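Here the structure is laid out as structure tokens; the discussion comes afterwards.
The values are calculated or read from the model by the stated rules, or taken from the named source; none is laboratory data. Computed from a prediction, not measured in an experiment: that's the story for all the values here. Cβ atoms come from the backbone with ideal geometry, glycine included; neighbour counts cover every protein chain shown.
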Amino acid sequence: MLSVEVFHTEGHFWRRLVEHLQAQGGQVTASQVPHQLPLMVDEPRDFLPAGTGAAAISIAVNIHHDLLLELPYLMAEQGGRALIAPREDPAWIRPGLIMQVEKAAEKLGIESAFPEPFCSLQPTTPVISEFCDQYRVGQPHFELTISDNVVTEVRVIREAPCGLTQWAVEQFVGVEVGEALLEKAKVLHHGRPCLATMTMLPGMDDTLMHKSLFMFLDAVQAAMDAAAGER
């Protein structure tokens, strides 16, 4: 499997992410970098661990903008192949910084993705597609087995990188399909809960947590439709 290194500062999200990725059986490590840094960091490499960029996949979770911008260069030197910087909160990475990092990564031959939130990640490039397949992460996708209009089994194909999908769908067994299952899904999505922000997003008129919820509900509906078509 592709090796993964997660760079983070603090908070709950990175812990769930690392725990979920490690449970898939791959080589996954986590490196904490300083949270309190000057606005401008002249030597970002001084604040990143030795060997940064050697993993096939680097995931940056809410790290300083100068450290994030340095990652593609370190990856190019160390053999890294893809950079993923999720936005569970728009404040984590501003649009201008995304453009800078994306441009640098492309110039250096590094794939990059900035999913908002992480569970919206799409397998659109070769290495990131391989990562999504191997670690079963990205936009939720699962299959239901239904008997007498009740869920009897769930098989997860792809799920939220924080592990919320697996936790939630395991509790679908025994629930009647239709509105009852959709309502159950809503309760479970908020029950763990999803860690995407509830801050209103400019130009979106909604929150990232709700975006995550809608993707999950779409996956539930798609699974019900597919199961109904097989009967």
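When the stretch 148-166 is limited to residues that are in contact (Cβ under 8 Å) with a residue 12 or more places away in the chain and more than 13 Å from Cys119 (Cβ to Cβ), the one that is farthest from the chain's Cα centre (by Cα) turns out to be Asn149.
Within the stretch 155-188, which residues are closer than 18 Å to Arg15 by Cα and of a type outside the set (A, V, I, L, M)? Residues satisfying the conditions are Glu159, Pro161, Cys162, Gly163, Thr165, Gln166, Trp167.
Residue-by-condition table, conditions (1) over 20 Å from Asn62 (Cβ atoms); (2) surrounded by fewer than 21 Cβ atoms within 10 Å (Cβ to Cβ):
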| site | (1), (2) |
| --- | --- |
| Glu106 | yes, yes |
| Gly109 | yes, yes |
| Glu130 | yes, yes |
| Thr145 | yes, yes |
| Glu179 | yes, yes |
| Cys194 | no, no |
| Thr207 | no, yes |
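Please find, among Arg81, Arg87, Arg94, the residue that is out of contact with any helix residue (DSSP H, G or I) (no Cβ under 6 Å at 6 or more places or on another chain) and surrounded by 17 or more Cβ atoms within 10 Å (Cβ to Cβ). Steps first, please.
On the way: Arg81 fails: out of contact with any helix residue (DSSP H, G or I) (no Cβ under 6 Å at 6 or more places or on another chain); Arg94 fails: surrounded by 17 or more Cβ atoms within 10 Å (Cβ to Cβ).
Just one listed residue meets the conditions, Arg87.
Checking each residue in the stretch 2-13 for being at pLDDT 95 or above and not polar (S, T, N, Q) picks out Leu2, Val4, Glu5, Val6, Phe7, His8. Going residue by residue through the stretch 43-57, is there one that turns out to be surrounded by 14 or more Cβ atoms within 10 Å (Cβ to Cβ), β-branched (Val, Ile, Thr) and touching a Leu at 6+ places or on another chain (Cβ under 7 Å)? Scanning the stretch 43-57 turns up at least one residue that is surrounded by 14 or more Cβ atoms within 10 Å (Cβ to Cβ), β-branched (Val, Ile, Thr) and touching a Leu at 6+ places or on another chain (Cβ under 7 Å). Looking at the structure I just gave you, is Glu153 closer than 24 Å to Ile98 by Cβ and among the acidic types (Asp, Glu)? Judged against the criteria, Glu153 is not a match.
Does Gln100 count as over 16 Å from the mean Cα position of the chain (by Cα), polar (S, T, N, Q) and under 17 Å from Val6 (Cβ atoms)? So Gln100 fails the test.
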